[in-house]
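Trainee: Before anything else, here's the structure in question.
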Amino acid sequence: MKTHSVSEALNKLRRYCAYQERCHREVKDKLQNMGMIAEAIDQIIGSLVSENYLNETRFAQQFARGKFAIKHWGNMRITRELKARAVSAYDIKKALATIEPEAYAQKIKELSTKRWEQLDGQKPQVRKQKLYQYLAYRGWETELIYQQINRLSNMD
């Protein structure tokens, strides 16, 4: 394995962080895979933070907006994924606050309506169960899912 000096590793990690937002865990894992010792890892992460290449709040906000807009994830899934990346509860709360409540309500309505129509022809109970599983997997809150199921089943 190639060994890196602290300055070489720092330059490599600057490019890594400039390419896309990263969380501290990703950077630390990358440095460990490069064979860096703990003191060097702490020094490099400190430099990246002070130079604003690495910002956990910014990462969490961009992650939340992206997963909501592109993958249509709900708050529960976004929270779970950010926790898995060791993002602080404060940053997770700030990230979820960037999602507009109106857009959130509209998104679950669109997703549930589209999925409900795809399940046309199924028995009512199976249809409800499949819609629930579909939305729950994407991290939508149980009470919101039930509101959508009630709304859609009353329309039939």
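The values are calculated or read from the model by the stated rules, or taken from the named source; none is laboratory data. Remember, it's a predicted structure, so these values are computed and weren't measured experimentally. Quick reminder, even Gly has a Cβ in these numbers, built from the backbone with ideal geometry, and neighbours come from all protein chains shown.
Trainee: Which pairs do you get when a residue that is free of Cβ contacts under 8 Å to residues at least 60 places away in the same chain and under 18 Å from Asn55 (Cβ atoms), found in region 65-90, comes within reach of a residue that is of a type in the set (Asp, Glu) and surrounded by 19 or more Cβ atoms within 10 Å (Cβ to Cβ), reach meaning Cβ atoms under 9 angstrom, with the pair 6+ apart or on two chains?
Mentor: Once the first residue is free of Cβ contacts under 8 Å to residues at least 60 places away in the same chain and under 18 Å from Asn55 (Cβ atoms) and sits in region 65-90, its partners that are of a type in the set (Asp, Glu) and surrounded by 19 or more Cβ atoms within 10 Å (Cβ to Cβ) give Leu82/Asp91; Ser88/Glu56.
Trainee: From the residues in region 5-26 that are buried (at least 19 other Cβ atoms within 10 Å of the Cβ) and either more than 19 Å from Tyr90 (Cβ to Cβ) or of a type in the set (Ser, Thr, Tyr) (or both), which one is nearest to the chain's Cα centre (by Cα)?
Mentor: Out of the qualifying residues, it is Cys17.
Trainee: Only one of Gln147, Gln125, Gln106 is surrounded by 15 or more Cβ atoms within 10 Å (Cβ to Cβ), without any contact (Cβ under 8 Å) to a residue 60 or more places away in the chain and either among the β-branched types (Val, Ile, Thr) or part of a helix (DSSP H, G or I) (or both); which?
Mentor: From the options Gln147, Gln125, Gln106, the qualifying one is Gln147.
Trainee: Now, a different point. Between Gly35, Gly46, Gly66, which is outside the structural domain of Glu141 (by TED's automatic domain parsing), surrounded by fewer than 17 Cβ atoms within 10 Å (Cβ to Cβ) and not in a helix (DSSP H, G or I)?
Mentor: Gly35
Trainee: Let me ask something else about it. Can you say whether Glu39 is among the acidic types (Asp, Glu) and in contact (Cβ under 8 Å) with a residue 24 or more places away in the chain, as far as the supplied structure shows?
Mentor: No; evaluated as a whole, the condition is false for this residue.
Trainee: Looking at (1) assigned to a loop (DSSP other than H, G, I, E, B); (2) modelled with pLDDT of 95 or more, find the lone condition where Leu96 falls short.
Mentor: (1)
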